[in-house]
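Visitor: Here it is: the structure, laid out below.
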Amino acid sequence: MAQQRRVQLSTQRPTSTVCVLGTELSLDVCGSAPKGAVSFQAQGTPGVRLWVVHDSQSVKLPSSVSRWPLAPGPELLLAMDSLSKDVGDEKVRAGVPPDPGFPLDPGFPLGAGVPPDPGFPLDPGFPLAVGIPAGSRRSSRIPAFQPAPPCAELPLLVAEVSLDADVNRSGAVSRTLLDKTTWTWGPEGHGAVLLVNCDRDDPGAEGLDSQDSAVRSYDDLKDMSQLLLRTRGPHPIFAGHRLLLHVDFGDADKVGVFYGGSSAALGEFRHVLGGPKLAYSVRPGRHQHESVFYVEGLAFPDVGFSGLVSFHATLLESPDKGLPETPIFTDTVVLRVAPWIMTPNTAAPLEVFVCGVDDNEGFVAAVAALAERAQCPLTVCPPPQNRQDRWIQDELEFGYVQAPHKTFPVVFDSPRDRGLKDFPVRSILGPDFGYVARQAPEGASSLDSFGNLEVSPPVTVRGKEYPLGRILIGSSFPRLGGRRMAKAVRDFLVAQKVQAPVELFSDWLQVGHVDEFLTFVPAPDRKGFRLLLASPSACYQLLREKQEEGFGEAAMFQGLEKVPKPTINEILANEGLRRFNNYTQSCISWNRDILKRALGLAEQDIIDIPQLFQGDVASGAEAFFPDMVNMLVLGRHLGIPKPFGPAVGGRCCLEQRVRELLEPLGLSCTFIDDFFSYHVLAGDVHCGTNVRRKPFAFKWWHVVP
C-alpha cells in the first residue's frame, strides 16, 4: 500500500502542498464542504490521478464519475506520475455542484465571475466544480442573494524523495519495488546487508576502523554499505522544506554514517550520523540529485540487538512562521548487520597457525611439512608474541563476515587471555582482517577456551536445513553446578542466528573441551563428512583382539624415555582404568545421541576412534595416550597425534586401526609426535594449531533460521 498523507482543503485561504512520487494524498472534502451539501465533484490537471474511496468496502473508483455523495464520508485520493516542471503546474480543484432548484446566470457558465483557467479544462457537466478559486471575489452579475458555491484549489509541488540501499542483494544500490521497510531471510528474501567495520585498513591507526570518527582510506569505504538518497523536483520545494536523514534512537550506537557531499576526496568525508548524532540535514543542490552515504556497522547482533537497523529520509515543512516543523513524507530502509560465521574442519584451509615455543621445534617442523603437503601457507607465532603460550586453538577462532559487496575474515578472541591475549590484535587484525571479542565478567573458566568451540559441516535435520552447519560448545549439561562457557560468548553465538548452537556435555573432562572427543573429516559419500568420536569401547575391543592374537605383552609408549610402558595384558587387567573408561564412554555416548539428533546423523555417519582416558570423577578425564581425534584437518591431509600404541608386527596397532578406518575415505594420515611438547601438558595437535578456512559458498542471507 502506498504511503498516504491527509491534506485539508480550504475554501477560505490559498493553500499548496508537496506530493512525493509514489505516495498518495488523502484530500479532506468533507471538512471544506458547506452545511447542507450532499455531494461533491473534483478535477485535476492532466498529470493528476484521482480516486474516490466510497462505501464501507473502501473500493477505489475513478473520479470521472460526475458527482459523489458526501455521506457517509468518502475519501478523495490523489497521486502523481511525474515531477513538477514548475511550482503549481499541477493542481486539483474540488467543489460543490449547484443546487438544481436554483438556476445560475446563463451569461456566466462558471457562475462565479472568474473565467476558467485555460490550462485546466472544466467538465462541462459540472460548471461550478471549479467556480471560485480561493480568494476570488464574487461576480457582480450574480444576484447578491445568490451565494457562490464554495470551491477549493490545491496547487501541487511534485517531488521525488527516495532512500535506497542494496535491497536486492546484488552488490550495488538499485531501485526496487520490494518493501524496503522489512528484511526477510531465504533465497527469495530481500533486504540490505551491513558489515561491522571491525578491520583496520590504515596500518598507522590505533584500534578498529569502527572506532574512528573519520574515513582514513578508500579501502575503509569499501567495507561500508551505501545509502543512496535521490531528490528531484523544482528547487523551491527543497529550499522551502527541510530534508532529514535520521536513525532510530535505539540504533544510533550500532552504526556510523559518513558523507562526502559532491566530493570524492577523503578529507571531505564527515561523520554525520551515529552515536549522539541522530539526524543530519541534507541540502540537495540544483544539479545534484543523488547523495551517497556510507554506512558502517559498529556492533554485531547480540543480546538486546537483533542486528536490524532502520534509516529514514524525512521531508519536513513549517506550516506557519514560528511554528514547529511537521513531517509530510518519510522513506525508510532496513539493513541487517552481517553475522560472524565459523567455518568447519571440512572447509578448505587457507592458512595454518602454530606457536613456536622453547621445546616444540620438532612439532612445528612436522606441522610445516603437513601444511606443505596440503599446499597451505604456515604462519608461526614467535615467542615474543606468544609469551610461551602454545595453545593457539584455545585463544582464538577464525570466521568471516559477508555482504553482497564484500567478504573478509574476522578473528574471534576468547575471554581466555593468557600469553597469546595480544596476538589477535597485534598480529592478525589488519587490512581486510577483522576482530571481535567477548569478555567473561564472571571470570573465565577452561570452558571459555575455543578448543571448546567447534562447528559442524552443513546438515539437514528432519527437513530443517542448516547450510552453514551448527556451532558446538561444551557445557556442564546435564550435570548441575559445573562449568559452562561464559554467558557473553554463548549469547553472542546464539544471536548470530545462522549456525544455531548445540550444547554438549564436556565438563566430565579435566580441560573440558569438545575437541577432546570429537572432530569432523571430509568424506566422498553420504553427507560429505564423517563425525569422529573418541571411543574407549573401540579401544578395548582392539586391545582384546590383539591379546587374542597373542600380542598381550606388546607394550605402549615404546621409545619414550621415563614414561611407564604398560602392556596390553596390564591395561586389560586394570579394573580401575576399565571402570573409569566405562564412565567416560557413557559421557561420550550421551553426546553421541545429542549429536545424532541435533545434526541429523545416522550411525553410518560416525566413526569410532580408539581412545582411552584416565583420571577420576572429581578432577575429570584426560587422554591416557595422545588423543587421536584431536587432529589437524587440512583437506584430505590429517595431522593426527601419534598414540605410541602397542607394536604388532612392527606397526602401532592404534595407528593401523585409524588408517583402516580413514584411508578408505581418501584421507591421508600423518601421525605427529606431540607427546612431550603438548600431550603431557593436557593437549594435542588440534589444541596447538589453528586454521583460517575458505568461507562457505552459500550466502548466509539465504538461510531460513
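Visitor: Do we have any residue at all in the range 635-642 that's over 39 Å from the mean Cα position of the chain (by Cα) and either touching a residue at least 24 places away in the same chain (Cβ under 8 Å) or under 30 Å from VAL401 (Cα atoms) (or both)?
Guide: For the range 635-642, residues over 39 Å from the mean Cα position of the chain (by Cα) and either touching a residue at least 24 places away in the same chain (Cβ under 8 Å) or under 30 Å from VAL401 (Cα atoms) (or both): present.
Visitor: Just need a number here: residues in the range 438-457 that are over 21 Å from ASP507 (Cβ atoms) and surrounded by fewer than 18 Cβ atoms within 10 Å (Cβ to Cβ).
Guide: Selection size over the range 438-457: 1.
Visitor: Just to be sure I understand, how many residues within the range 378-411 are in contact (Cβ under 8 Å) with a residue 60 or more places away in the chain and under 30 Å from GLN226 (Cβ atoms)?
Guide: Counting residues in the range 378-411 that are in contact (Cβ under 8 Å) with a residue 60 or more places away in the chain and under 30 Å from GLN226 (Cβ atoms) gives 12.
Visitor: Filter the range 476-521 for residues that are among the hydroxyl-bearing types (Ser, Thr, Tyr) and modelled with pLDDT of 95 or more; which is surrounded by the most Cβ atoms within 10 Å (Cβ to Cβ)?
Guide: Ranking the qualifying residues of the range 476-521, first place goes to SER506.
Visitor: Next question. Within the range 334-353, does at least one residue satisfy the condition of being free of Cβ contacts under 8 Å to residues at least 60 places away in the same chain and either in the same structural domain as ILE392 (by TED's automatic domain parsing) or of a type in the set (D, E, K, R) (or both)?
Guide: no
Visitor: Next question, about the same structure. Restricting attention to the range 232-269, report how many residues are over 23 Å from LEU298 (Cα atoms) and either in a loop (DSSP other than H, G, I, E, B) or among the hydroxyl-bearing types (Ser, Thr, Tyr) (or both).
Guide: Of the residues in the range 232-269, 7 are over 23 Å from LEU298 (Cα atoms) and either in a loop (DSSP other than H, G, I, E, B) or among the hydroxyl-bearing types (Ser, Thr, Tyr) (or both).
Visitor: Can you tell which of GLY267, GLY186, GLY256 is over 30 Å from ASP86 (Cβ atoms) and buried (at least 20 other Cβ atoms within 10 Å of the Cβ)?
Guide: Matching residue, one of GLY267, GLY186, GLY256: GLY256.
Visitor: Take the residues in the range 213-229 that are among the polar types (S, T, N, Q) and touching a His at 6+ places or on another chain (Cβ under 8 Å); name whichever of them is surrounded by the most Cβ atoms within 10 Å (Cβ to Cβ).
Guide: SER225
Visitor: Identify all residues within the range 75-88 that are modelled with pLDDT of 80 or more, assigned to a loop (DSSP other than H, G, I, E, B) and either over 25 Å from LEU157 (Cβ atoms) or among the aliphatic types (A, V, I, L, M) (or both); write none if there are none.
Guide: Listed by number, the list holds a single entry, LEU83.
Visitor: When the range 632-676 is examined, which residues are found to be closer than 25 Å to PRO344 by Cβ and either of a type in the set (Val, Ile, Thr) or not assigned by TED's automatic domain parsing to the domain that holds GLU454 (or both)?
Guide: Matches in the range 632-676: VAL633, ILE640, VAL658, THR670, ILE672.
Visitor: Kindly indicate the residue of the range 152-185 that is free of Cβ contacts under 8 Å to residues at least 12 places away in the same chain and within 19 Å of the chain's Cα centre (by Cα) and also farthest from SER281 (Cα to Cα) among those meeting that condition.
Guide: Among those residues, the one meeting the criterion is THR184.
Visitor: Within the range 441-454, identify whether any single residue is among the aliphatic types (A, V, I, L, M), within 30 Å of TRP701 (Cβ to Cβ) and modelled with pLDDT of 95 or more, and answer yes or no.
Guide: Looking through the range 441-454, at least one residue is among the aliphatic types (A, V, I, L, M), within 30 Å of TRP701 (Cβ to Cβ) and modelled with pLDDT of 95 or more.
Visitor: Looking at THR346, THR332, can you tell me which residue is at negative phi, out of contact with any Cys (no Cβ under 6 Å at 6 or more places or on another chain) and not in a loop (DSSP other than H, G, I, E, B)?
Guide: The match here is THR332.
Visitor: Kindly indicate whether ILE594 is modelled with pLDDT of 95 or more, over 22 Å from SER475 (Cβ atoms) and surrounded by 15 or more Cβ atoms within 10 Å (Cβ to Cβ).
Guide: no
Visitor: Let me ask another. Being buried (at least 21 other Cβ atoms within 10 Å of the Cβ), farther than 23 Å from GLY434 by Cβ and not small (Gly, Ala, Ser), is that true of even one residue in the range 284-307?
Guide: Yes, because at least one residue in the range 284-307 is buried (at least 21 other Cβ atoms within 10 Å of the Cβ), farther than 23 Å from GLY434 by Cβ and not small (Gly, Ala, Ser).
Visitor: Look through the range 18-48, keep the residues that are over 13 Å from VAL158 (Cβ atoms) and of a type in the set (D, E, K, R), and return whichever of them is surrounded by the fewest Cβ atoms within 10 Å (Cβ to Cβ).
Guide: Within the range 18-48, the match that is surrounded by the fewest Cβ atoms within 10 Å (Cβ to Cβ) is LYS35.
Visitor: Give me the residue from the range 443-472 that is aliphatic (A, V, I, L, M) and in a loop (DSSP other than H, G, I, E, B) and, out of that set, farthest from GLY683 (Cα to Cα).
Guide: Here the residue is LEU468.
Visitor: Can you confirm whether SER310 is buried (at least 20 other Cβ atoms within 10 Å of the Cβ), in a strand (DSSP E or B) and of a type in the set (Gly, Ala, Ser)?
Guide: So SER310 fails the test.
Visitor: To continue, here is another question. Would you mind finding the one in LEU612, LEU665 that is among the aliphatic types (A, V, I, L, M), in contact with a helix residue (DSSP H, G or I) (Cβ under 6 Å, 6 or more places away or on another chain) and within 25 Å of GLU454 (Cα to Cα)?
Guide: After applying the criteria, what remains is LEU612.
Visitor: Of everything in the range 310-345, what is among the hydrophobic types (A, V, I, L, M, F, W, C) and under 26 Å from PHE398 (Cβ atoms)? Give them in sequence order.
Guide: LEU335, VAL337, ALA338, TRP340, ILE341, MET342
Visitor: Name the pairs: first residue in the range 361-377 and in the same structural domain as PHE676 (by TED's automatic domain parsing) and closer than 15 Å to ARG692 by Cα, second residue acidic (Asp, Glu) and not in a helix (DSSP H, G or I), Cβ to Cβ under 8 Å, at least 6 apart or on different chains?
Guide: CYS376/GLU351; PRO377/GLU351
Visitor: Considering VAL629, VAL617, VAL648, which residue is touching a helix residue (DSSP H, G or I) at 6+ places or on another chain (Cβ under 9 Å) and modelled with pLDDT under 95?
Guide: VAL617
Visitor: Sticking with this one: Evaluate the following for ASN386: is it polar (S, T, N, Q), surrounded by 14 or more Cβ atoms within 10 Å (Cβ to Cβ) and touching a helix residue (DSSP H, G or I) at 6+ places or on another chain (Cβ under 7 Å)?
Guide: When the stated conditions are applied, ASN386 passes them.
Visitor: Let me ask another. Can you pull out every residue in the range 574-589 that is within 45 Å of the chain's Cα centre (by Cα) and surrounded by fewer than 15 Cβ atoms within 10 Å (Cβ to Cβ)?
Guide: ASN582, SER586, SER589
Visitor: Looking at the range 537-558, I want the residues that are within 19 Å of TYR583 (Cα to Cα) and have a partner that is among the polar types (S, T, N, Q) with Cβ atoms under 8 Å, at least 6 apart or on another chain. Which pairs are those?
Guide: These pairs meet every condition: SER537/GLN585; ALA538/GLN611; CYS539/ASN581; CYS539/GLN611; TYR540/ASN581.
Visitor: Take the conditions without any contact (Cβ under 8 Å) to a residue 40 or more places away in the chain, at negative phi and surrounded by 15 or more Cβ atoms within 10 Å (Cβ to Cβ) and apply them to ASN197. Does it pass?
Guide: No; evaluated as a whole, the condition is false for this residue.
Visitor: Any chance the range 89-103 includes a residue that's assigned to a strand (DSSP E or B), modelled with pLDDT of 80 or more and within 45 Å of the chain's Cα centre (by Cα)?
Guide: Looking for residues that are assigned to a strand (DSSP E or B), modelled with pLDDT of 80 or more and within 45 Å of the chain's Cα centre (by Cα), one finds at least one in the range 89-103, hence yes.
Visitor: Could I ask something else about it? When both residues are 6+ apart or on different chains and their Cβ atoms are under 9 Å apart, which pairs have a first residue that lies in the range 432-451 and is at positive phi, and a second that is in a helix (DSSP H, G or I)?
Guide: So the pair list comes out as ASP432/ASP219; ASP432/LYS222.
Visitor: Can you tell me which residue in the range 417-463 is nearest to the chain's Cα centre (by Cα), limited to those that are closer than 29 Å to THR407 by Cβ and basic (Lys, Arg)?
Guide: Per the stated criteria, the residue is ARG438.
The values are calculated or read from the model by the stated rules, or taken from the named source; none is laboratory data. Please read all numbers here as calculations on a predicted model, not as lab measurements. Please note: Cβ atoms are built from the backbone with ideal geometry, for glycine as well, and neighbour counts cover all protein chains shown.
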